[in-house]
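Only the coordinates and a few stated rules stand behind these numbers; no lab work does. Just so it is clear, the structure is predicted and the values come from calculations on it, not from any experiment. As a convention, Cβ positions derive from the backbone with ideal geometry for all residues, glycine included, and neighbour counts pool all protein chains shown.
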Amino acid sequence: MSAHTLNRTLKTGVLIVASAWFFFTLYELILGFLHSSHPETAVSTYQLVSETAASVGLAFRTAGGFVAFVASLFYAAGKGLGKSEALVALRFVVAFEVVYWFSLFFSILPSAWVQLSLFTLVNNLPCTAESIALPITLGMLFVRLTPQSAGTSGIKWALISGVAYLTVFWLNNTVNWITAVVGKGSDYLWLYPANLFSFLLTTIGLLALTMLAARSARKIIRKGDYANLNLRTYGMIITCFGLYFDVIFIMYLFLGPVGGWGSWYAWFMGHNVDLWLMTLPLAGMPLLIWNEHKLS
């Protein structure tokens, strides 16, 4: 594949991913507002605070998706987006993501930690990790995304943030699968190979991908050689991460809720605001053969 064709393929993939991010998040935001404006039952103070914070956070993420969408349009067109403009756009996206992830802090129910209930596992544990780890790492990334440090410490914190993302996604999906098994019983796995495959893909597959990303990031950070990133490695990580969502979604389309509807399917198909990640392979696959070419 020629450098020109590869460039065009990557730009198209980035545009599709950014478009999916913006429009899917906008859809979830509108859906959330419609649900909040017509509550089925009276809401508690906790529900009011958590749902309001979630709506605000999702609004900021929608704004970030819009910035990414517009920037990707200029990138795909090949004009009008210089390095300084791209850096400014990226800082906006990162800042909006910080607000989004921090908003999840208000979904934590303090009393659940004392009760040590199933609710603690399914809600508090992932929300606590997400709302603390990601705002910190993304905040550091925002600070380092300056013309002077973007190519060094900016890349360093981008790598760290990427590992943090994978970690919280692994934790969140793993916790939801464990909760489903607790509620349905172990037969929910052993009697249904599709569920067992999905469970292993989540608990072991995502963990292995996270460890690979962490190992690669650690190696690069220790050497400080940010100018010679192995784009094939990160192309593979991005592609595999997106394929995880593709595989689970396609299995549901063809097999339905295997073993009966449960909390796992309710989470992944009904409450998952990150299904736009299914488009990630379109941006990741061009990087798998990028070593011979230059970004432009």
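Annotations for the structure displayed:
- Cα-based helix-to-principal-axis angle, 231-255 vs the chain, degrees rounded to 10: 30 degrees
- Förster radius 25 Å - calculated FRET efficiency between PHE105 and ALA266, Cβ distance, rounded to 0.05: 0.60
- Out of every Cα-Cα pair that the stretch 3-289 contains, those further apart than 27 angstrom amount to 43 percent.
- FRET efficiency for LEU73 and PHE33, using Cβ-Cβ distance with R0 set to 30 Å, rounded to 0.05: 0.70
- Against the chain, whose longest principal axis comes from its Cα atoms, helix 83-103 is set at around 10 degrees.
- Loop-exposed GluC sites (Glu not before Pro) per DSSP, neighbour cap 10 Cβ within 10 angstrom, longest uninterrupted part of the chain: 41-291
- Taking 7 Å steps out from each Cα toward its Cβ at ASP225 and LEU200 produces label points 3.6 nm apart.
- Taking LEU141, LEU243 and counting other C-beta atoms within 10 Å, the order from fewest to most: LEU243, LEU141
- Projecting the Cα atoms of PHE105, THR52, ILE204 onto the charge dipole of the stretch 3-289 (Cβ charges, centred on the Cα centre) puts ILE204 farthest toward the positive pole.
- The mean sequence separation of alpha-carbon pairs under 8 Å and at least six residues apart, normalised by the residue count of the stretch 3-289, gives a relative contact order of 21 percent.
- In the chain, the longest principal axis of the Cα atoms and the axis of helix 155-184 are about 20 degrees apart.
- Cβ-defined net charge surrounding GLY151, 14 Å radius [Lys, Arg +1; Asp, Glu -1]: +2
- For LEU73, net neighbour charge (Lys/Arg +1, Asp/Glu -1) across residues whose Cβ lies under 15 Å away: +2
- Close Lys-Lys pairs in the chain, where close means Cα under 26 Å and separation is 8 or more or interchain: 13
- Karplus-derived 3J(HN,Hα), 6.51/-1.76/1.60, for each residue of the stretch 276-288, Hz, glycine and proline x: 4, 5, 4, 7, 3, x, 5, 8, x, 4, x, 6, 5
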